[in-house]
Amino acid sequence: MRLVLGSDHAGYELKQELVKFLQSQGHEVLDAGTCSTAAVDYPDFAQAVSDAVLDCRAERGVLICGSGVGACVAANKIPGIRAAICHDSYSAHQGVEHDDMNVLVLGSRIIAIELAKDLVRAYLGAKFSGEERHVRRLGKVKAIEARYMRPQS
């Protein structure tokens, strides 16, 4: 699978470990930065990951910051992105199966590498169910998103 990973400075080390892990599993990985532990702003990397997903350079994204909260909030401002913080494997696969989540968000100060690997495995192994109730609910989510989108000037 083609994936994009991005992080701020707090998530840099976890991102680096996950890039190596995913490549060892045969995935093609686009690294959207950051490239060090020097302080940066998480919205920049939320946008970079989201853009790669939306323009089909990657099928799914993984975004990492210290808690996961800021990156998740920023990513969800971008129309077409359905990002969720998942620190348990049920949510990591259920978010895809029921909600068609396309960006997994992790908190590097909350979870360790082995759990992060398990969460990414669950996320990547899941597929949107396509069940009528989930399609209907996703349609409602998209309608909410469309209602609040402002025309670009």
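The values are calculated or read from the model by the stated rules, or taken from the named source; none is laboratory data. Keep in mind the model is a prediction, meaning the values are calculated, not measured. Using ideal geometry, Cβ is built from the backbone for each residue, glycine included, and neighbour counts are taken over all protein chains shown.
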First in the stretch 54-76 and more than 19 Å from Gln16 (Cα to Cα), second anywhere and among the hydroxyl-bearing types (Ser, Thr, Tyr) and surrounded by 19 or more Cβ atoms within 10 Å (Cβ to Cβ), Cβ under 8 Å, 6 or more apart = Gly70/Tyr42; Ala74/Tyr42; Ala75/Ser50
inquiry  = So, in the stretch 14-50, how many residues would count as being acidic (Asp, Glu) and touching a strand residue (DSSP E or B) at 6+ places or on another chain (Cβ under 9 Å)?
reply    = 3
query = What single numbered condition from (1) surrounded by fewer than 18 Cβ atoms within 10 Å (Cβ to Cβ); (2) closer than 18 Å to Gln16 by Cα fails to hold for Ala46?
reply = (1)
message = Go through the stretch 108-153 and report how many residues are among the charged types (D, E, K, R), over 20 Å from the mean Cα position of the chain (by Cα) and in a loop (DSSP other than H, G, I, E, B).
response = 2
remark   = Exception for Ala112 within (1) among the hydrophobic types (A, V, I, L, M, F, W, C); (2) under 21 Å from Gln25 (Cα atoms); (3) in contact (Cβ under 8 Å) with a residue 12 or more places away in the chain falls at (3)
key: the stretch 63-118 - residue that is over 15 Å from Ser7 (Cα atoms) and β-branched (Val, Ile, Thr) and, of those, surrounded by the fewest Cβ atoms within 10 Å (Cβ to Cβ)   = Ile78
remark   = Of those in the stretch 9-51 that are β-branched (Val, Ile, Thr) and in contact (Cβ under 8 Å) with a residue 24 or more places away in the chain, the residue nearest to Leu124 (Cα to Cα) is Val29
message = Only one of Val62, Val96, Val105 is assigned to a helix (DSSP H, G or I) and of a type in the set (Val, Ile, Thr). Can you tell me which?
response = Val96
query = Within the bounds of the stretch 55-67, is there any residue that is farther than 28 Å from Lys140 by Cα and within 12 Å of the chain's Cα centre (by Cα)?
reply = yes
ask   = If you check Asp55, Asp100, Asp118, Asp44, which single one turns out to be modelled with pLDDT of 95 or more, of a type in the set (D, E, K, R) and in contact with a Phe, Trp or Tyr (Cβ under 6 Å, 6 or more places away or on another chain)?
value = Asp100
message = Within the stretch 18-30, take every residue that is touching a helix residue (DSSP H, G or I) at 6+ places or on another chain (Cβ under 9 Å) and crowded, with 16+ Cβ neighbours inside 10 Å and give me the one that is nearest to Leu115 (Cα to Cα).
response = Leu18
